[in-house]
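S.K.: Sharing a structure below in structure tokens format, with a few things to ask.
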Amino acid sequence: MATPPDNRIILAIGAGLAVIAAIVLALIFTRGGGEDAPEGPRGNLQVDVAEPQSLEPTRELRCFVEGQFVGMLTLDQCAQRNGLATEALDVGLDETGALVAAPTASLAPPPTLPPIEVEDVPQIVETPVERAEAPSGPVAACLRHTGSDWRSLSSSMGREACVQLLYSGTCVSPGDARYGRWGDLTLRLVPGRVEQSSDNSNFRTLAEQDRRNCTFPGLGG
């Protein structure tokens, strides 16, 4: 007659299988939980360039003086090196993601004004025509500076339309600037705003820019 199986062997095998099953289930739930876990922040630096005063006083950033990088300094130290108040510095992230402070447009000073073109005007013979409706506001030529020369975008358009055409959807880094012309006014895009100048030297704010989407809500876009 065959010998009956030992109950202890059966119990030991059953316990071993239960342990293995528990391990497998634990691995499955652990991996599933990892997939559902929220992803952490990709970077640890979030700076609103509109609020440089929110920076920690001891926080160091890349400082530029007269367009030259002078080292890692605090915001107050960088302002002192430039001989300016901290509010006069553009603060934000550059293309590499590094925190930067620089005087407004110090990395891109105003370009030379475009030459005034004088054209011979042919003699006009008056003929009776219907008068077109006059524009709602003043119009002038709109030009963009490409970095080496001036390019005409329109020979006749309003100032706000010129600003939108030049800069809507475009933001610049701290210390940088982009230039345009509307009539005899120089337009300058700097972080957070567009400025205008009648002498190509002294600029004042024309419109604030929403840095989240690089648009101009005050100009209707």
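S.K.: Among the listed residues 175, 158, 147, identify the single one that is open to solvent by less than 70 Å² (accessible area, probe 1.4 Å), under 30 Å from residue 78 (Cα atoms) and at pLDDT 90 or above.
M.R.: Working: 158 fails: under 30 Å from residue 78 (Cα atoms); 147 fails: at pLDDT 90 or above.
Checking each option against the conditions leaves just 175.
S.K.: Another question, if that's okay. Which of (1) over 22 Å from residue 139 (Cα atoms); (2) surrounded by 15 or more Cβ atoms within 10 Å (Cβ to Cβ) does residue 212 not meet, given it meets every other one?
M.R.: Checking residue 212 against (1) over 22 Å from residue 139 (Cα atoms); (2) surrounded by 15 or more Cβ atoms within 10 Å (Cβ to Cβ), the one that fails is (2).
S.K.: Does residue 43 meet the test of being at pLDDT below 55, open to solvent by 30 Å² or more (accessible area, probe 1.4 Å) and outside any loop (DSSP other than H, G, I, E, B)? So that I can check it myself, show each step before the final result.
M.R.: Details: at pLDDT below 55: yes; open to solvent by 30 Å² or more (accessible area, probe 1.4 Å): yes; outside any loop (DSSP other than H, G, I, E, B): no.
No; evaluated as a whole, the condition is false for this residue.
S.K.: Follow-up. Among the residues of segment 178-197, which ones are under 12 Å from the mean Cα position of the chain (by Cα) and either among the charged types (D, E, K, R) or open to solvent by less than 10 Å² (accessible area, probe 1.4 Å) (or both)? Before you say what the answer is, go through the steps one by one.
M.R.: The initial filter retains those residues of segment 178-197 that are under 12 Å from the mean Cα position of the chain (by Cα), namely 189-193.
Result: 189, 190, 192, 193.
S.K.: Failed condition for residue 207, given (1) assigned to a strand (DSSP E or B); (2) hydrophobic (A, V, I, L, M, F, W, C); (3) open to solvent by 30 Å² or more (accessible area, probe 1.4 Å), with all others met?
M.R.: (3)
S.K.: From the residues in segment 69-124 that are of a type in the set (Ser, Thr, Tyr) and within 23 Å of the chain's Cα centre (by Cα), which one is modelled with the lowest pLDDT? Lay out the reasoning, then the answer.
M.R.: Here is the first cut: in segment 69-124, the ones of a type in the set (Ser, Thr, Tyr) are 74, 86, 96, 104, 106, 112.
Applying the additional criterion that residues be within 23 Å of the chain's Cα centre (by Cα) yields 74, 86, 96, 104, 106.
Details: 74: 92, 86: 86, 96: 79, 104: 88, 106: 87.
For segment 69-124, the residue satisfying everything is 96.
The values are calculated or read from the model by the stated rules, or taken from the named source; none is laboratory data. Keep in mind it's a predicted model, so treat the numbers as computed, not measured. Cβ atoms come from the backbone with ideal geometry, glycine included; neighbour counts cover every protein chain shown. Just so you know, the surface numbers come from the protein's heavy atoms only, side chains and all, with ligands and any DNA or RNA stripped out. Shrake-Rupley method; radii C 1.70, N 1.55, O 1.52, S 1.80 Å.
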